[in-house]
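So the structure is just underneath, and the comments pick up after that.
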Amino acid sequence: MLQALHGSPPPDSQRGLKLNLKQQNFFLPCICFPEADLQIGNDSRKQVAATVTRKFARSPLVVELHLSPETDIPYRAGQHINLLCRIDDEDFVRSYSLSSHPGVDEDLVLQIALVDGGKVSAWIHDSLAEGESVAMQMPVGTCVYSCVSVEQPLLLAGVGTGLAPLYGILRDALHNNHQGPIHLFHGASNEQELYLNREFDLLHSSNDGFYYHPVVRSEAGQRGISQKSIEESIACLATSLEGWQVYLCGNPKFVKQLQKHCFLLGASSKEIFCDEFVSAQN
Amino acid sequence: MSSLYERIGGAAAVDAAVDIFYRKVLADDRISDFFEDVDMDRQIGKQKAFLTMAFGGPNNYDGKSMRDAHKHLVARGLDENHFDAVVENLANTLGELGVAAEDIAEVGEIAGSVRGDVLNH
């Protein structure tokens with residue numbers, strides 16, 4: 001599969017691809033007979049420097065990092081970037097999802113969880129400071145708002161910082177005047193880690209069709225926090241997901257299980273978009 | 001006379017059938033274990049290739065690739081009954097889509113033609 005950076009690939013060369021891929025001009029070169037000029041390529045490896053303009057704790061485990069790149073960087077809400085870091089003379093590359101929206105936020109925004117034993121996340125949490133510069137690569141990723149109809153119901157579900165890209169996708173849907181209901185589920189280890197609940201309450205009060213469903217796994221939650229698993233919460237919401245569009249982000253086990261669950265509930269395989277956060281080995 | 005693939009509806013029919021078929025397979029206790037922990041998007045792609053072949057459409061299936069692809073499943077106990085269950089789900093899918101009984105029977109025959117390779121006999 002290749003991506004056209006300029007020009008539109010013929011529809012026949014996109015046969016069978018998911019909507020999000022079609023909309024981002026991906027195509028199958030083996031069945032592509034271009035009808036006009038197409039520029040294909042891949043600039044995802046291009047490096048740019050970015051300045052940390054803001055850094056603050058969202059929760060005990062999550063810091064939010066605002067980055068201002070040295071050049072304008074086009075991206076879609078929900079994509080991710082690679083950060084390139086040098087720590088103790090060792091080079092590391094880590095992918096982090098963008099929670100920002102290009103039409104709303106001036107900076108690129110990352111929400112980064114402190115990983116147990118993770119060198120890079122510890123360095124970001126403890127050492128990286130506002131005003132410092134980091135190297136990054138261009139935004140990539142296909143889990144982006146991809147609705148054909150603004151009336152379609154949306155289900156967004158994530159665990160941990162899987163919430164970051166969903167926050168971007170949600171605001172992209174609202175930015176595009178999405179009219180159908182939008183239900184966002186966030187699973188966290190405890191109530192403190194529901195780190196965007198205030199933002200969602202505000203969005204709920206200003207957008208009739210948006211509903212936020214926080215789910216905590218352990219501890220006895222307070223009022224409004226569901227003790228059920230996300231799957232059970234979805235079951236309370238709808239018996240069938242036929243006609244829905246589904247966005248899932250977080251650890252691979254969660255994403256795979258929920259992808260299957262939503263598919264069995266009737267969501268079309270072409271309308272389930274996934275972003276699996278794979279842990280680094282070192 | 002039109003071919004089986006044309007009568008069923010070609011690539012559009014494969015698209016229409018794949019979700020219904022795969023949902024039946026995943027919900028079928030006789031065979032669902034074989035589909036635990038597989039990458040769903042990749043599996044849907046494979047199911048489309050299988051349906052295209054079974055519908056008499058253009059395909060690149062050959063005996064060796066069929067054998068290699070299922071060897072690890074045979075090692076996990078894949079047998080005649082599981083194969084029959086898949087073909088049964090396929091027939092029910094086509095029935096739901098309004099495909100004529102004689103065409104469903106023909107699809108069943110094509111699918112059955114790979115039985116020996118799938119089961120590594």
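Observations on the model:
- Counting only aspartates and glutamates at least 8 places from A:K18 when in the same chain, those with an alpha carbon closer than 16 Å to its own are A:E271, A:D275, B:D15, B:D19, B:D39, B:D41.
- Cα centroid separation - the range A:36-93 against the range B:47-112, whole Å: 45
- The value of relative contact order for the range A:47-137, using C-alpha pairs under 8 Å at least six residues apart, is 38 percent.
- In order along the range B:86-94, the phi-based Karplus estimate (6.51 cos²θ - 1.76 cosθ + 1.60, θ = phi - 60°) of 3J(HN,Hα) comes to 5, 5, 4, 5, 5, 5, 5, 4, 5 Hz; Gly and Pro are listed as x.
- A straight line joining the Cα centroids of the range A:149-195 and the range B:1-25 runs 34 Å.
- Rolling a 1.4 Å probe across the protein heavy atoms gives the protein assembly as shown an accessible surface of 49 Å² per residue.
- By the equivalent-ellipsoid construction on the alpha carbon gyration tensor, chain A comes out with semi-axes of 28, 27, 17 Å, ordered largest to smallest.
- Each DSSP beta bridge with both residues in the protein assembly as shown is either parallel or antiparallel, and the antiparallel ones are about 60%.
- Using θ = phi - 60° and Karplus 6.51 cos²θ - 1.76 cosθ + 1.60, couplings along the range A:32-43 (whole Hz; Gly, Pro as x): 9, 10, x, 9, 8, 4, 10, 9, 10, x, 8, 9
- CD proxy at 222 nm, helix term only [per DSSP H run n ≥ 4: -39500 (n - 2.57); per residue of chain A; nearest 500]: -6000 deg cm²/dmol
- Equivalent ellipsoid semi-axes, the range B:4-118, via Cα gyration tensor eigenvalues times 5, rooted, Å: 21, 16, 14
- What the phi angles of the range A:21-27 give under the Karplus curve with 6.51, -1.76 and 1.60, with θ = phi - 60°, is a coupling list of 6, 4, 5, 9, 6, 6, 8 Hz, glycine and proline written as x.
- Here the range B:4-118 has 51 percent of its accessible surface on carbon and sulfur atoms, given a 1.4 Å probe and all protein chains in place.
- Just so you know, the averaged projected area of the alpha carbon convex hull for the range A:154-276 sits at 7.0 nm².
- Highest-first arrangement of A:83-94, A:138-149, where packing means the average Cβ count within 10 Å: A:138-149, A:83-94
- For the segment A:258-270, counting C-beta atoms of other chains within 10 Å of every residue's C-beta and taking the mean gives 3.
- Chains A and B together, accessible area buried on both sides, 1.4 angstrom probe, square angstrom: 1100
- Helix-only CD estimate at 222 nm, as mean residue ellipticity for chain B, using -39500 (n - 2.57) per DSSP H run (n ≥ 4): -21500 deg cm²/dmol
The values are calculated or read from the model by the stated rules, or taken from the named source; none is laboratory data. This is a predicted model, so every value here is computed, not measured. No Cβ is skipped: glycine too gets one built from the backbone with ideal geometry, and neighbour counts run over all protein chains shown. The area values use the complete protein model at the heavy-atom level, side chains included, leaving out ligands, DNA and RNA. Shrake-Rupley method; radii C 1.70, N 1.55, O 1.52, S 1.80 Å.
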